[in-house]
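Chemist: Could you have a look at this structure, given as structure tokens, before my questions?
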């Protein structure tokens with residue numbers, strides 16, 4: 001069973017999609033940081049807060065930018081991620097892209 005299947009099971013069992021906890025902040029930020037495109041898409045479809053600010057990485061877009069994940073960054077931007085959000089250790093997505 002992969003991460004995508006586990007995420008789906010947890011959501012079906014009532015996992016709170018926007019809980020903020022730990023270093024990653026939210027599930028969407030964690031999936032963006034770990035470059036898990038399928039989980040990012042599932043979370044967005046299920047109503048994850050795209051601009052939530054939490055954890056070390058700040059936002060999902062900042063996390064994707066830090067890892068150089070163009071595909072996830074593009075998905076997040078198309079879905080309405082705030083390009084100039086300032087949060088977390090890295091400041092903005094543009095600053096994170098230079099790290």
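Laboratory data are not the source of any read-out in this text; all were calculated from the coordinates shown. The shown structure was predicted, so the numbers you read here are calculated from the model rather than taken from an experiment. All Cβ positions, even for glycine, are placed from backbone atoms using ideal geometry, and neighbour counts span all protein chains on display.
Chemist: Per DSSP helix of 4 or more residues, -39500 (n - 2.57); summed, then divided by the residues of the chain. What does that give at 222 nm, rounded to the nearest 500?
Modeler: Values: 6 runs with 48 residues, N = 99.
Here the helix-only value at 222 nm equals -13000 deg cm²/dmol.
Chemist: Further, regarding this structure: Please work out which option in (i) 3.40; (ii) 2.12; (iii) 0.98 gives Cα Rg over 2.2 N^0.38 Å calculated from these coordinates, and answer with its label.
Modeler: (iii)
Chemist: Still on this structure, I have one more. Please arrange 46, 13, 89 by counting, for each residue, the other beta carbons lying within 10 Å of its beta carbon, fewest first. Don't skip to the answer; put the middle values down first.
Modeler: Working: 46 16, 13 7, 89 13.
Least to most surrounded, the residues fall as 13, 89, 46.
Chemist: Quick check on the exposure proxy: order 32, 65 from fewest to most C-beta atoms within 10 angstrom.
Modeler: Working: 32 32, 65 27.
Taking fewest neighbouring Cβ atoms as first place, the list is 65, 32.
Chemist: Sorting 42, 72, 9 on the 10 Å Cβ count, fewest up front, what's the list? Spell out each step's value before the answer.
Modeler: Numbers: 42 19, 72 27, 9 11.
The most exposed by this proxy come first: 9, 42, 72.
Chemist: What distance in nm separates the two pseudo spin-label positions at residue 41 and residue 74, each 7 Å out from Cα along the beta-carbon direction?
Modeler: With each label placed 7 Å out from Cα toward Cβ, I get 1.3 nm.
Chemist: Could you identify which residue out of 11, 33, 43 has the top mean-square fluctuation in a GNM of the chain using Cα springs shorter than 10 Å?
Modeler: Residue with maximal mean-square fluctuation among 11, 33, 43: 11.
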